[in-house]
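Let me begin by handing over the structure; questions about it come next.
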Amino acid sequence: MIGWIVLIVLIGLAASIRLAPSDPARWHRGTGKTEVGEVQRKGSYAWRAEVAGDGREILAKIDQVAMATPRTRRLAGSVEEGQITYVTRTRVMGFPDYTTVSLVGEDPKILEIFARLRFGRSDFGVNAARVREWRRAIE
């Protein structure tokens, strides 16, 4: 009997993670910083660099790469808006990670890719790895 209860609780937990709604008002935002470089914290990774030329062309390339990433969908934004947020879910449990790609600054001349987890305390480096993969794909 206890085994069934544990199983039901685990299924419920898995379903709540996989089916948790993603609120664009909460996740469709960058860091608000303009310093170039990278910052890695538990559960998040941000990379910012100056862009030469039309930043929207670079943003469009990243959008193509992001949409080709397995289990990734666009949550909010567009190339025209200058900011796009994606949700990438883990294969087994469906944990959502959010990645926002933004053109920031006055011109804008800074490209920022900000990836973070929603559940837990550590992403085991998967957000940094995803950002680095996207960067390599556009270079």
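What is the sum of charges around Asn127, taking Lys and Arg as +1, Asp and Glu as -1, for the other residues whose C-beta is under 9 Å from the C-beta of Asn127?
Counting the neighbours of Asn127, the net charge comes to 0.
Let me ask something additional. If each of Arg91 and Glu133 carries a label point 7 Å out from its Cα toward its Cβ, how far apart are those two points in nm?
1.0 nm
To continue, here is another question. Shape verdict for segment 31-127, please, from the Cα gyration tensor: rounded (a/c under 1.5), prolate (a/b greater than b/c) or oblate.
It comes out oblate by the Cα gyration axes.
Separate question: Along the charge dipole of the chain, which of Val9, Ser102, Thr34 sits closest to the positive end, that is, farthest toward it, with unit charges on the beta carbon of Lys, Arg, Asp and Glu (+1, +1, -1, -1)?
In the chain, that residue is Val9.
Same structure, new question: Please sort 6-14, 62-70, 95-103 by packing, taking for each peptide the average over its residues of neighbouring beta carbons within 10 angstrom, highest first.
Descending packing order for the listed peptides: 95-103, 62-70, 6-14.
Any read-out appearing in this document is the output of simple, stated calculations on the displayed coordinates, not a laboratory observation. What you see is a predicted model; the values in this text were computed from it and never measured. Every residue, glycine as well, gets a Cβ built from its backbone with ideal geometry; the counts of neighbours run over all protein chains shown.
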